[in-house]
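The values are calculated or read from the model by the stated rules, or taken from the named source; none is laboratory data. A quick note: this is a predicted structure, and the numbers were derived from the prediction, not measured. Cβ coordinates were reconstructed from backbone atoms using ideal geometry, including for glycine residues, and neighbour counts include every protein chain displayed.
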Amino acid sequence: MLDALMAHFHRLERILRRRGQSREDAEDLIQETFLRVKQYLDKGNEIREPEAYQDDALYDDAKVRRFFPPPVLDRRRASQWTPSDERYTRAQAAAALAIARAGGEVCVGSHGNFAGVGFHWNLRAMQEGGWQPMEALRAATMCGARGMGLAQDIGSLEPAKLADLLVLNANPLEDLRHSAALRYVIKNGFVYEADTLRMIWPEVREAPRFWW
């Protein structure tokens, strides 16, 4: 990790602490160089993802069952279990928070392991690690846009930027779990129902049917 930082890599992927072991040398260097860190808080067997797979409510969620094939859900249910003493969500999220508050940039990513849902798991993990909701939401939006060099077009709602956005039923500033309380998705000038992806504006159009 330190070799990558010293070689002037501008972005680093993955966590900075594993199993409670501090990497303060790397954290200090990132803070001093303002490196952008894409902090995956749910990757593999390290943190959030296995815990989320152990939640029975995941498999009863109507939206999850609509957008994921049953065989995929069955495999997730059958193969994931993490003992409580091997869960390091808070420590890793807290390490990322220390970097962010010292001036570094920490972005959110979910690696596509559980498409759509994984990103929200990351936000919840950040909340558990001490992030304030607005801090986490900025990391999930504006930081990524800057990291990709697209901040002039996306990442925040401002005049002349692309108006792709999500409309929620609840306020994520009260609880980051509300980030998944989606009502509408607005993309490229089209408005979709979040639960079904049925287009409702500028015309009504049913979403394509999945094979399952």
Residues of segment 149-162 classified as surrounded by 12 or more Cβ atoms within 10 Å (Cβ to Cβ), aliphatic (A, V, I, L, M) and closer than 24 Å to residue 194 by Cβ, total
3
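Identify all residues within segment 162-177 that are of a type outside the set (A, V, I, L, M) and either modelled with pLDDT of 95 or more or out of contact with any strand residue (DSSP E or B) (no Cβ under 9 Å at 6 or more places or on another chain) (or both); write none if there are none. Break it down stepwise before answering.
Within segment 162-177, the first condition is being of a type outside the set (A, V, I, L, M), and the residues that meet it are 164, 169, 171-172, 174-175, 177.
Scanning segment 162-177 gives 169, 171, 172, 174, 175, 177.
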Please verify whether segment 113-135 includes one or more residues that are part of a strand (DSSP E or B) and not hydroxyl-bearing (Ser, Thr, Tyr).
no
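If the requirement is being basic (Lys, Arg), in contact with a strand residue (DSSP E or B) (Cβ under 8 Å, 6 or more places away or on another chain), over 27 Å from residue 57 (Cα atoms) and not in a strand (DSSP E or B), which of these qualifies: 138, 146?
Values: 138 fails: in contact with a strand residue (DSSP E or B) (Cβ under 8 Å, 6 or more places away or on another chain).
None of the others qualify; the one that does is 146.
Take the residues in segment 154-192 that are of a type in the set (A, V, I, L, M) and assigned to a loop (DSSP other than H, G, I, E, B); name whichever of them is nearest to residue 128 (Cα to Cα).
Taking segment 154-192 first, the residues of a type in the set (A, V, I, L, M) are 154, 157, 160, 162-163, 165-168, 170, 173, 176, 180-182, 185-186, 191.
Still in the list and also assigned to a loop (DSSP other than H, G, I, E, B): 154, 157, 160, 162-163, 170, 173, 181.
Values: 154: 27, 157: 27, 160: 35, 162: 31, 163: 30, 170: 19, 173: 14, 181: 19 Å.
Filtering first and then ranking leaves 173.
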How many residues of segment 52-66 are touching a Leu at 6+ places or on another chain (Cβ under 8 Å) and in contact (Cβ under 8 Å) with a residue 60 or more places away in the chain? The answer is 1
What is the one condition in (1) in contact with an Asp or Glu (Cβ under 7 Å, 6 or more places away or on another chain); (2) at pLDDT 95 or above that residue 191 does not satisfy?
(1)
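Given the criteria free of Cβ contacts under 8 Å to residues at least 40 places away in the same chain, assigned to a loop (DSSP other than H, G, I, E, B) and closer than 22 Å to residue 63 by Cα, does residue 207 qualify? Write out each step before concluding.
Values: free of Cβ contacts under 8 Å to residues at least 40 places away in the same chain: yes; assigned to a loop (DSSP other than H, G, I, E, B): yes; closer than 22 Å to residue 63 by Cα: yes.
Yes; evaluated as a whole, the condition is true for this residue.
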